There are 2 protein chains.
Amino acid sequence: MSTETITTGRLAELRRRLAEIVGERGLIEDQDEKLPYLRDQRGRYIGKSPLVVRPASTEEVAQVVRLCAEAAVPLVPQGGNTGLVAGSIPFEAGEEIVLNLGRMNRVRALDAENFTITVEAGCILQQIQQAAEEADRLFPLSLGAEGSCQIGGNLSTNAGGVQVLRYGNARDLVLGLEVVLPDGQVWDGLRSLRKDNTGYDLKQLFIGAEGTLGVITAAVLKLYARPREVVTAFAAVRDPGAAVSLLGRCRAASGESVTSFELLPRIALDFACRHVEGCQDPLEAPHEWYVLIELFGGREKGGLREALEETLMTAYEEGLVGDASLAETEAQRAAFWRLREGVVEAQRHEGGSIKHDVSVPVSRVPAFIAEASAAVAKACEGIRPVAFGHVGDGNIHFNLSQPEGADTATYLERWDELNSLVHDIVHRFGGSISAEHGIGRMKRDENARFKSPLELEMMRRVKAAFDPQGLMNPGKLL
Amino acid sequence: MSTETITTGRLAELRRRLAEIVGERGLIEDQDEKLPYLRDQRGRYIGKSPLVVRPASTEEVAQVVRLCAEAAVPLVPQGGNTGLVAGSIPFEAGEEIVLNLGRMNRVRALDAENFTITVEAGCILQQIQQAAEEADRLFPLSLGAEGSCQIGGNLSTNAGGVQVLRYGNARDLVLGLEVVLPDGQVWDGLRSLRKDNTGYDLKQLFIGAEGTLGVITAAVLKLYARPREVVTAFAAVRDPGAAVSLLGRCRAASGESVTSFELLPRIALDFACRHVEGCQDPLEAPHEWYVLIELFGGREKGGLREALEETLMTAYEEGLVGDASLAETEAQRAAFWRLREGVVEAQRHEGGSIKHDVSVPVSRVPAFIAEASAAVAKACEGIRPVAFGHVGDGNIHFNLSQPEGADTATYLERWDELNSLVHDIVHRFGGSISAEHGIGRMKRDENARFKSPLELEMMRRVKAAFDPQGLMNPGKLL
């Protein structure tokens, strides 16, 4: 990161020229108004920045980036600022300018027959989902923050969510990108082709790069046919191993129509039922483990429901499944999902929670949960692991609630220690210490602990090739 | 490319040291034995090379690459050498060594519950398909050369094929890679994770790079559930516009279970029925355009057949479809596919064929075919365009058979001229001049004509970051 602070005189000149580019309404300087752009989602950091710049077009972004490159002023590209690893806020030194894309929020085009939509970086995810729906199409990226996160951020962090199993991560949903490079040049890679083998797939570099290689200003995204049949089940499973086995059976029996396959332990249900309005146990008796299964099909009564029922019945007879309920109504479906989505909120009411967003091969999820749970129990008596999430992707949110009655602050002081313990196990399982949240500021040191020196060097070579001055989101990711 | 030729003395020393690494059986020097490694699939070029080196392990590849890097000898990485753009053979100058991966042909691991297979670069595609099938899984990459092409080449060229619509290109099927970098270092990126957001997605750089950034030695590939229901239809459509409309309807009605959606014009059927054994018109009356549709489902009698029948019936009533036949038996299904696959062979019997492997947005396929057909007819009276292929991906093999009775050699002299004419139109439609075959040697100049200077510069920056000496497959792609 640049160690030079922005002097008052330099800042005044920069401010004047930025105002020429974006206008007065494109600048935020007031401390209170700046706060939402400086504070991270988890509330762990509040950064400093003399200016938040909000350009309204690709050309304005390009001019801002060029100006800052010439002045050697570092930039923090920012979307909805809903990330969980402090990747989209400046550091406390106050040397970076925040480049917020929120005003670039147009849907530029939708081509239903090509199953594509072209959007600007500042479009809210939900806005894109709705635009697709109006054209009788589905944009399948779906995650908790969808009402406020922006697609530029989703792409820059390669967002995941609850439908990755069927439709892939954000990366898999991109056909083309428009990117402002660190020197201010605009790369027009806005292709809307399913097949294009004419060179390196440059867009892949910017997806998941957390703004360290350039600023994504627009994208062409894949759309899918809207499902006509949605089948949702809540099933008790014997253990995580039974969940993995059931997943394979559901994938096969449904012709790969499994959209979501989410694991929940009993403690997550207990927490949700205790603290989250409208949550109740969907099954008669309590069980140790559950899965929420959702399938998308093409026709009402198209056979998916029967396929799932048969699969669950066979699994029940074999002892993999203890009990199961299929949603009969949209309200019942929503109730199943409320349980799944209520877990994070519910954990807040149970004191401190030390979080992990990890992945391992799907087949190794059961062994991972067993070993990691035992290890944290040994390290911290009474700790309450809540291992839930996207088991279909091998992605477990291994969140550790504090022991009952423990002092929250004292418990949270063990954050790094427990992270380290869990991540070591993840690493031994060939896993990832950040499955979907990215690295940002929070996991940068931890990431460097596990990446091979060669892989870090390869990343640095890419960084140097595109941002030799190191001005794009410095101190994040790498 | 290195302009220094390999002197006899230098070569002898290099040969000696290579033999130490790969053994005598890992070297091919005899001219006749070398020929299959030097001649391109289309028979347009025969390159020269003093040596074909065939290492048997990643470590041997690494040592070979390191040795050549130190000696500044350029390498041509090669798989099954089935590519169509002369990307995997050396130039005529004889300065490059061929690094053939064919001996690295082990399936290292298969994890059915993780839906992954780990393979070495030299595995034949069909071998991988079979290994998957034995584990009751599907590896969906499928293309004409599958009996002899190797997965390392498939990944290096981001191969497409007939099931991209459902399962994606080769790129989309990769979870992890092992790569020998141009300096001989081995990057172990063999992860088998569905989600991993811990930095730049480096594997994407090597996929589709045609061996210009390093040598892929192994990969972790995604597997899918094996279909239990396969529904195949051959339908006459009013025109390409009707085909595109029908595609959208089939995608929706089947819950995105369309695996293949291939366009065929009448002339392709005529050619196939005339020249390819076992080909016959599946419909009673002739029509101008056809589509071959295939759906994969999870259960026998799972409803996909009815979904397709209903969709075709509605389209028939609206005039989009003229007639249609659903395969009742595996033999009938094979007969439909024989027509599709027979087109390339059949065209050989109709004299010279000037080929294009292009893509445009799916919605623009009809306008593209109309405009390009008119343009080539104007340029060459009596020319016979055979516009067929993967319309579901917007990928048309726009192959132009010579006028009846014309002199073949004279016609083929117009190859570059007609390529240029067609590619200009493709470019105006926002398309790609190489949808699935890559650039190699054959399309390098043509590609440079359409890529923006900035995009070429970005590609060069990547190349320089990984192969500063320019020793990996020089003169190809870039």
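The values are calculated or read from the model by the stated rules, or taken from the named source; none is laboratory data. Owing to the predicted nature of the structure, the values given are computational and were not obtained by experimental measurement. When we count neighbours, we look across all protein chains shown, and the Cβ atoms used for this are built from the backbone with ideal geometry, even at glycine.
Computed quantities for the displayed model
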| quantity | calculated |
| --- | --- |
| Among the residues listed as B:Tyr200, B:Tyr167, the single one being of a type in the set (Phe, Trp, Tyr) and within 30 Å of B:Leu326 (Cα to Cα) | B:Tyr167 |
| Failed item, numbered, when A:Ala235 is tested on (1) away from every other protein chain (no Cβ under 12 Å); (2) within 23 Å of the chain's Cα centre (by Cα) | (2) |
| Search result, residues across region A:219-230 that are touching an Asp or Glu at 6+ places or on another chain (Cβ under 7 Å) and either surrounded by fewer than 21 Cβ atoms within 10 Å (Cβ to Cβ) or under 13 Å from A:Thr259 (Cα atoms) (or both) | A:Tyr224, A:Arg226, A:Arg228, A:Glu229, A:Val230 |
| Candidate set: region B:458-477, residues that are within 21 Å of the chain's Cα centre (by Cα) and on the phi > 0 side of the Ramachandran plot; chosen: the one nearest to the other protein chains (Cβ to nearest Cβ) | B:Leu477 |
| Selected residue (criterion: farthest from the other protein chains (Cβ to nearest Cβ)) from residues of region B:375-428 that are buried (at least 16 other Cβ atoms within 10 Å of the Cβ) and among the polar types (S, T, N, Q) | B:Gln402 |
| Subset tally (residues that are over 25 Å from A:Asn169 (Cα atoms) and either surrounded by fewer than 21 Cβ atoms within 10 Å (Cβ to Cβ) or within 11 Å of chain B (Cβ to nearest Cβ) (or both)) for region A:238-273 | 6 |
| Matching residues in region A:420-478 - criterion: being closer than 23 Å to B:Phe206 by Cβ and basic (Lys, Arg) | A:Lys451, A:Arg460, A:Arg461, A:Lys463 |
| Condition check for B:Phe296: of a type in the set (A, V, I, L, M, F, W, C), touching an Asp or Glu at 6+ places or on another chain (Cβ under 9 Å) and in contact (Cβ under 8 Å) with a residue 40 or more places away in the chain | yes |
| Filter result for B:Ala331 (surrounded by fewer than 20 Cβ atoms within 10 Å (Cβ to Cβ), more than 13 Å from B:Leu400 (Cα to Cα) and modelled with pLDDT of 95 or more) | yes |
| Enumeration of residues in region A:310-360 that are in contact with a Lys or Arg (Cβ under 6 Å, 6 or more places away or on another chain) and within 14 Å of chain B (Cβ to nearest Cβ) | A:Thr311, A:Leu320, A:Ser359 |
| Whichever residue in region B:16-58 is without any contact (Cβ under 8 Å) to a residue 24 or more places away in the chain and of a type in the set (Asp, Glu) and, among such residues, is farthest from B:Val180 (Cα to Cα) | B:Asp32 |
| Members of region B:104-118 found to be of a type in the set (A, V, I, L, M, F, W, C) and on the phi < 0 side of the Ramachandran plot, listed by number | B:Met104, B:Val107, B:Ala109, B:Leu110, B:Ala112, B:Ile117 |
| B:Ala56 away from chain A (no Cβ under 14 Å), part of a helix (DSSP H, G or I), surrounded by fewer than 21 Cβ atoms within 10 Å (Cβ to Cβ) and among the small types (Gly, Ala, Ser) | no |
| A:Ile433 facing chain B (nearest Cβ under 7 Å), under 26 Å from A:Asn395 (Cβ atoms) and touching a strand residue (DSSP E or B) at 6+ places or on another chain (Cβ under 7 Å) | yes |
| B:Ala252 being touching a strand residue (DSSP E or B) at 6+ places or on another chain (Cβ under 7 Å) and either without any contact (Cβ under 8 Å) to a residue 40 or more places away in the chain or within 28 Å of B:Thr329 (Cα to Cα) (or both) | yes |
| Considering residues of region A:96-131 that are charged (D, E, K, R) and not in a loop (DSSP other than H, G, I, E, B) only, the residue nearest to the other protein chains (Cβ to nearest Cβ) | A:Asp111 |
| Residues located in region B:142-182, provided they are out of contact with any helix residue (DSSP H, G or I) (no Cβ under 7 Å at 6 or more places or on another chain), of a type in the set (Val, Ile, Thr) and more than 11 Å from chain A (Cβ to nearest Cβ) | B:Val162 |
| Top-ranked residue in region B:207-218 [being assigned to a strand (DSSP E or B) and in contact with an Asp or Glu (Cβ under 7 Å, 6 or more places away or on another chain); ranked as surrounded by the most Cβ atoms within 10 Å (Cβ to Cβ)] | B:Thr217 |
| Test: residue in region B:178-188 that is closer than 18 Å to A:Gly394 by Cα, surrounded by fewer than 24 Cβ atoms within 10 Å (Cβ to Cβ) and outside the structural domain of B:Gln78 (by TED's automatic domain parsing) | no |
| Selection status of A:Gly87, more than 9 Å from chain B (Cβ to nearest Cβ), in contact (Cβ under 8 Å) with a residue 24 or more places away in the chain, outside any strand (DSSP E or B) and of a type in the set (Gly, Ala, Ser) | yes |
| Some residue of region B:301-323 being crowded, with 24+ Cβ neighbours inside 10 Å and closer than 20 Å to B:Asp416 by Cα | no |
| Residues (surrounded by fewer than 21 Cβ atoms within 10 Å (Cβ to Cβ), aliphatic (A, V, I, L, M) and either assigned to a helix (DSSP H, G or I) or under 25 Å from the mean Cα position of the chain (by Cα) (or both)) located in region B:274-291 | B:Val276 |
| Number of positions in region B:252-273 that are part of a loop (DSSP other than H, G, I, E, B) and of a type outside the set (Asp, Glu) | 3 |
| Conditions (1) more than 22 Å from B:Thr157 (Cβ to Cβ); (2) more than 14 Å from chain A (Cβ to nearest Cβ); (3) among the polar types (S, T, N, Q); (4) crowded, with 19+ Cβ neighbours inside 10 Å; number of the one not met by B:Ser363 | (2) |
